[in-house]
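Written out below as structure tokens is the structure these notes cover.
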Amino acid sequence: MSVELLHAGFDGLKLTVEAFVSASVRGKLAEASMREEAITLNGLEIAVRKSGGRGFSAHTGEYGAELRLLDPNVQNGYEPGVTVDFRAFFLATEGLAGAERYFETLMQALEVKYVPTQLRVSRVDFAVDFLAPWFEPDPDAMILPARTGKRAFLERDTKEKYFANTVVTGVTAGKVSNCQLCIYDKRAEVIAKHKLGWLEVWNHSLAMLGLPPLDLADRNTSRVWRFEARMGSKCLRGRWDIRSWTDLDAMIGDAFTEFADKMRYADQTHDANRGRWPDHELWHQLREVYATNLAQYRSDVEPDTLRTVNRDEHKLLLDRQVLGLMVSRAAIAGVGEEGFAAFAKDYALELLRLSDEHLVGLGTRIGKAAGRYRFR
């Protein structure tokens with residue numbers, strides 16, 4: 001059956017920074033939020049909305065980013081000071097490299113001073129659009145990890161608008177906080193929400209293939225199905241330890257390649273073992289898109305291997321610190337080189353005694369220490 005690839009690229013990207021806008025920028029944002037107006041900060045125009053009391057909501061347009069800026073004067077200790085959520089059209093035209101450049105432009109305009117360790121990647125989406133009018137998604141064709149929920153978009157739904165009459169026009173599985181797969185009729189959304197910029201993107205692809213533009217009025221020839229993979233912080237940081245721009249460049253391709261193995265859309269057969277169902281034709285093409293478009297963002301290293309390397313490196317760092325402290329402790333005690341071995345053994349026993357006398361139980365202290373590391 002006829003299938004044309006109309007678009008493939010990053011569709012969502014959210015980052016947070018544990019830092020705050022400068023005092024001068026804060027004052028300008030507070031003033032602008034009272035009037036809900038656009039202001040220019042260090043050469044960048046930003047539209048500011050009324051704030052909710054603890055921060056400021058702003059954006060830089062349909063081809064920019066949404067901003068959530070915590071008020072430096074109302075710090076609560078657990079929310080990030082800056083949240084940047086890139087618009088889909090920006091990512092479609094500028095890609096990941098353009099997003100990184102624009103992010104630095106935003107930080108300079110907002111006068112946010114930060115170091116890389118204060119940056120967190122919270123969400124990444126990758127979308128693939130297929131022109132396949134004959135296709136209709138079936139929730140039963142989704143092969144998912146155990147305990148992964150799924151649902152179909154139907155006419156009775158009020159939260160999702162990707163439907164037509166009683167036809168199933170979309171299916172979703174998983175949670176955005178971890179991993180989520182969403183397959184839906186993008187044409188219906190373009191018409192309902194007047195996002196005709198996507199029609200321009202699709203028609204450009206068709207022109208490159210020597211094919212005529214889409215006529216959205218003809219549903220039978222213009223249905224475009226979007227296969228959208230969404231990754232939240234639990235997957236990005238918990239499994240892949242992706243936190244920074246460098247991590248994205250090195251591993252996000254690996255993460256989406258694994259995604260296509262864990263969540264699949266299959267051709268249904270009579271085999272009682274669903275795991276043996278073959279990939280659907282569109283899923284085959286999606287894998288090829290991942291292999292081609294995300295090749296530059298792959299390291300071909302398993303996340304377990306990365307965690308092992310990081311864990312071993314940190315263990316070595318701590319070992320060196322412990323040894324340095326023990327040498328210093330021996331020097332203070334007047335112990336020389338010949339007596340160091342005996343001192344080290346006696347000192348280890350002394351530390352065990354001090355641990356037993358500690359007011360907080362050892363199990364509690366080990367648990368808190370383990371919570372500071374994410375190598376598992």
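The values are calculated or read from the model by the stated rules, or taken from the named source; none is laboratory data. Treat the numbers as computed from the prediction; the structure is a model and nothing was measured. Using ideal geometry, Cβ is built from the backbone for each residue, glycine included, and neighbour counts are taken over all protein chains shown. Surface areas here come from the heavy atoms of the whole protein model, side chains and all, with no ligands, DNA or RNA. Shrake-Rupley method; radii C 1.70, N 1.55, O 1.52, S 1.80 Å.
State the number of residues belonging to segment 64-93 that are touching a residue at least 60 places away in the same chain (Cβ under 8 Å) and in a helix (DSSP H, G or I).
Result for segment 64-93: 4.
Would you pick out the residues in segment 34-76 that are open to solvent by 80 Å² or more (accessible area, probe 1.4 Å) and β-branched (Val, Ile, Thr)?
Thr40 - this is the single residue of segment 34-76 that is open to solvent by 80 Å² or more (accessible area, probe 1.4 Å) and β-branched (Val, Ile, Thr).
For residues that are surrounded by fewer than 19 Cβ atoms within 10 Å (Cβ to Cβ) and in a strand (DSSP E or B), tally how many sit in segment 229-252.
Total meeting the criteria: 0.
Is it the case that Asp356 is among the charged types (D, E, K, R) and either modelled with pLDDT of 85 or more or over 28 Å from Met231 (Cα atoms) (or both)?
Spelling it out, Asp356 is indeed among the charged types (D, E, K, R) and either modelled with pLDDT of 85 or more or over 28 Å from Met231 (Cα atoms) (or both).
Quick check on my filter: what residues within segment 19-58 are assigned to a loop (DSSP other than H, G, I, E, B) and of a type in the set (Ser, Thr, Tyr)?
Ser22, Ser51, listed by residue number.
Under 8 Å between Cβ atoms, which residue pairs at least 6 apart in sequence (or on different chains) link something in segment 16-29 that is farther than 14 Å from Leu41 by Cβ and among the acidic types (Asp, Glu) with a partner that is in a loop (DSSP other than H, G, I, E, B) and open to solvent by less than 30 Å² (accessible area, probe 1.4 Å)?
Glu18/Gly81
Please indicate, with yes or no, whether at least one residue in segment 307-315 is surrounded by fewer than 14 Cβ atoms within 10 Å (Cβ to Cβ), aliphatic (A, V, I, L, M) and modelled with pLDDT of 85 or more.
No, segment 307-315 contains no residue that is surrounded by fewer than 14 Cβ atoms within 10 Å (Cβ to Cβ), aliphatic (A, V, I, L, M) and modelled with pLDDT of 85 or more.
Does segment 38-56 hold any residues that are out of contact with any Ser or Thr (no Cβ under 8 Å at 6 or more places or on another chain), free of Cβ contacts under 8 Å to residues at least 60 places away in the same chain and under 23 Å from Glu104 (Cα atoms), and which are they?
If the condition is that a residue be out of contact with any Ser or Thr (no Cβ under 8 Å at 6 or more places or on another chain), free of Cβ contacts under 8 Å to residues at least 60 places away in the same chain and under 23 Å from Glu104 (Cα atoms), then Ala38, Ile39, Thr40, Gly55 are the ones that fit.
Residues being assigned to a helix (DSSP H, G or I) and surrounded by 10 or more Cβ atoms within 10 Å (Cβ to Cβ): count how many of those fall in segment 323-335.
9
Scan Thr105, Thr16 and give me the residue that is of a type in the set (S, T, N, Q), in a strand (DSSP E or B) and modelled with pLDDT of 95 or more.
Thr16
Report whether or not Glu31 is of a type in the set (D, E, K, R), in contact with a Leu (Cβ under 6 Å, 6 or more places away or on another chain) and surrounded by fewer than 18 Cβ atoms within 10 Å (Cβ to Cβ).
no
Which of the following residues is closer than 29 Å to Trp225 by Cβ and either under 26 Å from the mean Cα position of the chain (by Cα) or basic (Lys, Arg) (or both): Arg54, Arg87, Arg35?
Arg87
Would you be able to tell me the number of residues in segment 211-227 that are of a type in the set (D, E, K, R), open to solvent by 10 Å² or more (accessible area, probe 1.4 Å) and outside any helix (DSSP H, G or I)?
So the answer is 3.
Can you name the condition, by its number, that Val124 falls short on among (1) in a helix (DSSP H, G or I); (2) under 17 Å from the mean Cα position of the chain (by Cα); (3) crowded, with 19+ Cβ neighbours inside 10 Å?
Of everything listed in (1) in a helix (DSSP H, G or I); (2) under 17 Å from the mean Cα position of the chain (by Cα); (3) crowded, with 19+ Cβ neighbours inside 10 Å, Val124 misses just condition (1).
Pick from segment 254-295 the residues that are polar (S, T, N, Q) and in contact with a helix residue (DSSP H, G or I) (Cβ under 7 Å, 6 or more places away or on another chain): which of them is least open to solvent (accessible area, probe 1.4 Å)?
Thr257
Is there any pair with a first residue in segment 141-158 that is open to solvent by 50 Å² or more (accessible area, probe 1.4 Å) and at pLDDT below 85 and a second that is assigned to a loop (DSSP other than H, G, I, E, B) and of a type in the set (Gly, Ala, Ser) whose Cβ atoms are under 7 Å apart and which are 6 or more apart or on different chains, and what are they?
That search, which allows pairs on different chains as well, returns nothing.
Can you tell me which residue within segment 1-28, out of those that are among the aliphatic types (A, V, I, L, M) and more than 30 Å from Glu288 (Cβ to Cβ), is surrounded by the most Cβ atoms within 10 Å (Cβ to Cβ)?
So the residue we want is Val21.
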